[in-house]
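Visitor: One structure, as structure tokens, below. Some questions next.
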Amino acid sequence: MARSMYHTGFVVEEMDRSVKFYTEGVGLSIDADMDLSGYGLEQVVGYKDARIRAVMLKTHDGQILELLQYIEPKGEPREESQQYPRHLIGAAHLGFMVDDADDSFKKCIALGGQQLNPVVQVLDGLKACYLQDPDGNWIELVEDAVHHANPFTIVQNRTRP
């Protein structure tokens, strides 16, 4: 039985660019920055002699976005035909609740995000938009007036060695 979500992971090309996008654009903070290698990592990712830089970013409630930059084997971009369709089986996105969707959207685009459409009002008091981070990972920004008026936070308690 799953107890909670642990993290979401995105593979990125340029770690520093991606960290800047998610800290300055979305508002996450750095929790850890690690260089990983060795037998355990090789077994998890399925590549012999794997070497990865991993940066864990967190929301104020402790949810984690893990950014992975493959050093060995070197990361490869997706084929362009697979980069943009959101309706493909297996396509994914990560949604963020933000205080101001328009402001976050503008910051993300200025930091290399790729616009699909502008922020729109989906329902009364609910704004949202999809966009891609600089590496083509889809994210959703959501501003919810109900949540904003009655905020709640469930802080994740996680341990690491």
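Just so it is clear, none of the values below were taken in a lab; they were calculated from the coordinates. Nothing here was measured: the structure is a model prediction, and the numbers come from that model. Cβ atoms come from the backbone with ideal geometry, glycine included; neighbour counts cover every protein chain shown.
Visitor: Test of understanding: what is the full-extension gain from residue 44 to residue 103, defined as 0.36 nm times their sequence separation minus their Cα-Cα distance?
Guide: Gain on extension, residue 44 to residue 103, equals 17.4 nm.
Visitor: Under the definition of Cα pairs under 8 Å and six or more residues apart, what whole-number percent is the relative contact order of the range 55-143? Can you show the working numbers first?
Guide: Values: 112 pairs, mean separation 22.0, N = 89.
It comes to 25 percent, rounded to a whole number.
Visitor: Okay, next question. Please tell me the relative contact order of the chain in percent, rounded to the nearest whole number, where contacts are Cα pairs under 8 Å and at least six residues apart. If you can, show how the numbers build up before the last one.
Guide: Numbers: 276 pairs, mean separation 36.4, N = 161.
With pairs under 8 Å counted, the relative contact order is 23 percent.
Visitor: Shifting gears a bit: Out of 46, 26, 119, whose Cα points farthest toward the positive end of the dipole of the chain (charges: +1 Lys, Arg; -1 Asp, Glu; placed on Cβ)?
Guide: 46
Visitor: Moving on. For the range 45-79, list residues with backbone N below 12 Å from a point placed 7 Å from the Cα of residue 7 toward its Cβ?
Guide: 53-59, 63-69
Visitor: Related question: Roughly what angle does helix 101-110 make with the longest principal axis of the chain, taking Cα atoms, 0 to 90 degrees, to the nearest 10?
Guide: So the inclination is approximately 40 degrees.
Visitor: Additional query: Suppose a student asked you for the relative contact order of the range 1-77, using Cα pairs under 8 Å spaced at least 6 residues apart; what percent would you report? Walk me through the numbers on the way to the answer.
Guide: On the way: 131 pairs, mean separation 29.1, N = 77.
Once normalised by length, the contact order is 38 percent.
Visitor: Let me ask you something else. Suppose R0 equals 30 Å; then what is the FRET efficiency for residue 14 and residue 126 from their Cβ-Cβ distance, rounded to the nearest 0.05?
Guide: On the way: r = 33 Å, r/R0 = 1.11.
Efficiency, from the Cβ-Cβ distance: 0.35.
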